[in-house]
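I have placed the structure first, in the form of structure tokens, so that the comments after it can refer back to it.
The values are calculated or read from the model by the stated rules, or taken from the named source; none is laboratory data. Keep in mind that this is a model prediction, so the values were computed, not measured. Cβ placement follows ideal geometry from the backbone for every residue including glycine, while neighbour counts extend to all protein chains displayed.
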Amino acid sequence: MAIDEAIRRQIALDPARFQLTGEAPRMMAVVTTGNGGLDRLDYRAVPRPVPAAGEVLLQVLAAGVNTTEINTRLGWYSAAVDGSTESASAAEERRATAKEDGGWSAATPFPFIQGTDCCGRVVEVGPGGDRSTLGRRVLVRPCMRLESFGSLETVWMGSDFDGAFAQFVRVPASEVFPVDCDWSDAELGAIPCAYGTAENMLERAAVAKGEQVLVTGASGGVGSAAVQLAKRRGAVVTAVARPVKAGQVAALGADRVIGGRDDIADSLDDKVDVVVDNVGGPAFAGLLGSLHRGGRYVTSGAIAGPLVTFDKRTLYLNDLTLIGCTAWDEPVFPTLVGVIERGEIRPVIAATYPLARIADAQRDFLKKRHVGKFVLMPEAPQG
């Protein structure tokens with residue numbers, strides 16, 4: 001059988017990745033072909049990666065669905081986009097526009113395989129690698145600080161290189177963390193991006209026992225993680241969620257659940273020490289107004305809209321600190337693994353989907369009717 005032109009180009013660029021004695025071994029994967037709507041998600045056979053020195057090959061057992069994958073497909077990170085993820089998605093279903101600045105820091109390298117979350121099993125190690133990890137169930141740290149933790153430069157799985165929306169993925173061996181627990185594959189697959197992002201925000205904001213913490217978007221992946229992880233630190237948590245979801249969010253440990261409004265401060269009995277906000281949009285000014293003097297606002301996203309307005313006097317007259325988070329600090333992922341193994345948290349799985357149904361999963365994700373995480377389950381490879 002002839003190798004198609006896309007595979008020929010990949011082999012020409014990096015022949016060491018493929019076994020060229022006959023046809024390269026294949027796997028099923030979702031290839032994102034460019035900026036645009038759900039039609040840009042192409043489930044097809046592609047070459048199976050081969051681990052180089054310092055890498056391992058994982059069979060993907062479960063891969064969570066995240067806003068960032070949808071945003072990357074849409075080109076939402078482009079300066080030309082000023083609306084919410086939902087509005088950008090609706091626009092791209094009508095037209096597809098390539099965005100040179102649509103990725104995290106530059107143009108996205110289409111076509112490529114997305115997938116930031118990965119629960120996997122080590123099935124192969126690169127030359128000279130540690131074979132004791134073979135067969136272990138692991139999580140992948142998707143935010144990689146490969147230059148050192150002294151540099152804020154990051155490499156993200158599923159954004160800077162092929163990710164976990166596939167039957168197999170190859171990753172640096174340094175970013176693989178064995179996990180011993182009784183969780184399902186889907187539960188572990190829900191952890192890396194959402195819980196790593198949440199823990200990183202809490203770490204950067206130095207959330208401490210007894211502090212009052214406000215979490216927006218508390219029914220989503222990052223928000224529900226932030227509720228659980230802030231409670232683990234001994235904080236008093238007020239969660240923002242739609243009334244229909246209040247019971248489920250309270251079950252995560254929130255001390256109080258309030259409905260989302262443009263001026264959230266009006267719903268609070270008192271001001272808070274820390275705001276954990278990945279929503280942004282029109283509520284931003286009210287969130288700053290909800291902080292005590294010396295309070296901290298921390299964010300790693302803006303699903304309701306990236307452009308906001310606020311009175312700068314609120315910032316400086318109240319000695320507030322604004323903290324933006326992308327690069328994960330060194331303690332974040334090892335801390336999460338320990339938290340999992342000690343049974344201190346448990347993710348909420350809203351639904352699982354076969355990997356081939358990724359379009360359905362992302363469509364349902366954007367309806368925002370769920371609490372917790374959607375997780376994709378690749379078909380087990382044959383043989």
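Worth a mention:
- Filter pass, residue 279 being closer than 22 Å to residue 347 by Cα and crowded, with 23+ Cβ neighbours inside 10 Å: yes
- Condition broken by residue 60, with the remaining ones in (1) among the aliphatic types (A, V, I, L, M); (2) modelled with pLDDT of 95 or more; (3) touching an Asp or Glu at 6+ places or on another chain (Cβ under 8 Å); (4) buried (at least 18 other Cβ atoms within 10 Å of the Cβ) satisfied: (3)
- Residues satisfying the stated conditions in segment 155-172, i.e. surrounded by fewer than 23 Cβ atoms within 10 Å (Cβ to Cβ), among the aromatic types (Phe, Trp, Tyr) and in contact with a Pro (Cβ under 8 Å, 6 or more places away or on another chain): 156
- Odd one out for residue 337, checked against (1) more than 30 Å from residue 159 (Cα to Cα); (2) outside the structural domain of residue 217 (by TED's automatic domain parsing); (3) surrounded by 15 or more Cβ atoms within 10 Å (Cβ to Cβ): (1)
- Annotation note: of 342, 296, the sole residue that is loosely packed, with under 15 Cβ neighbours inside 10 Å and among the basic types (Lys, Arg) is 342.
- Unique match (being part of a helix (DSSP H, G or I) and farther than 30 Å from residue 56 by Cβ) among 237, 227: 227
- Meets criteria (modelled with pLDDT under 95 and of a type in the set (Gly, Ala, Ser)) for residue 305: yes
- Residues of segment 153-185 satisfying the condition of being among the small types (Gly, Ala, Ser), within 16 Å of residue 141 (Cα to Cα) and not in a loop (DSSP other than H, G, I, E, B): 173, 174
- When restricted to residues that are within 25 Å of residue 206 (Cα to Cα) and surrounded by 13 or more Cβ atoms within 10 Å (Cβ to Cβ), segment 228-250 contains 15.
- Residue among 181, 193 that alone is in contact (Cβ under 8 Å) with a residue 12 or more places away in the chain and in contact with a Pro (Cβ under 7 Å, 6 or more places away or on another chain): 193
- Only one of the numbered conditions (1) modelled with pLDDT under 95; (2) of a type outside the set (S, T, N, Q); (3) not assigned by TED's automatic domain parsing to the domain that holds residue 289 is violated by residue 221, and that is (3).
- Residues located in segment 130-159, provided they are without any contact (Cβ under 8 Å) to a residue 24 or more places away in the chain and under 23 Å from residue 325 (Cβ atoms): 147, 148, 150, 151, 155
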